[in-house]
1. What accessible area per residue comes out for the chain, rounded to a whole number of Å², with a 1.4 Å probe?
2. Using the Karplus curve 6.51 cos²θ - 1.76 cosθ + 1.60 with θ = phi - 60°, work out ³J(HN,Hα) for each residue of segment 6-14 in order, rounded to whole Hz, and write x for Gly and Pro.
3. Please compute the net charge surrounding P21, taking Lys and Arg as +1 and Asp and Glu as -1 over other residues with Cβ under 14 Å from its Cβ.
4. Give the carbon-plus-sulfur fraction of the accessible surface of the chain in %, rounded to a whole number; probe 1.4 Å, heavy atoms of protein chains only.
5. Provide the solvent-accessible area of S40, counting protein heavy atoms only and rolling a 1.4 Å probe, rounded to the nearest 10 Å².
6. Provide the net charge surrounding P54, with neighbours chosen by a C-beta distance below 14 Å and charges set as Lys +1, Arg +1, Asp -1, Glu -1.
7. Can you give the FRET efficiency for N2 and T29, using 1/(1 + (r/R0)^6), R0 = 30 Å, r = Cβ-Cβ distance, to the nearest 0.05?
8. Where the Cα atoms of the chain are projected onto their three principal axes, how long is each span, largest first, in whole Å?
Amino acid sequence: MNAYVDPDLCIGCTQCAGLCPAVFQMEGTLAVALPGPIPSEEVPQAVDAANACPVSAIRIEE
């Protein structure tokens, strides 16, 4: 599974980086997903982070 953050939608609220720092981090005022597959042990937290995004800027795809 991979995570993606849409920079056009992200409002930089830091929710995802706070919930799953192994997958998401802040670059300036916007969140980004680290490249590559989500480590299997981090998938539940990454999904929680995507669901917590107030503007639905995060996608989790297989």
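The values are calculated or read from the model by the stated rules, or taken from the named source; none is laboratory data. On a predicted model such as this, the values are computed, not experimentally measured, just so you know. Here the Cβ positions follow ideal geometry from the backbone for every residue, glycine too, while neighbour counts run over all protein chains shown. Areas reflect the complete protein model, heavy atoms only, side chains present, ligands, DNA and RNA absent. Shrake-Rupley method; radii C 1.70, N 1.55, O 1.52, S 1.80 Å.
1. Working: 3700 Å² over 62 residues.
Solvent-accessible surface per residue comes out at 60 Å².
2. So the Karplus estimates, Gly and Pro as x, are 7, x, 6, 9, 4, 10, x, 6, 6 Hz.
3. For residues surrounding P21, the net value is -4.
4. Within the chain, the accessible surface is 52 percent carbon and sulfur.
5. 100 Å²
6. Value of the local net charge: -2.
7. Rounded to the nearest 0.05, the efficiency is 0.85.
8. Largest to smallest, the principal-axis extents are 27, 19, 17 Å.
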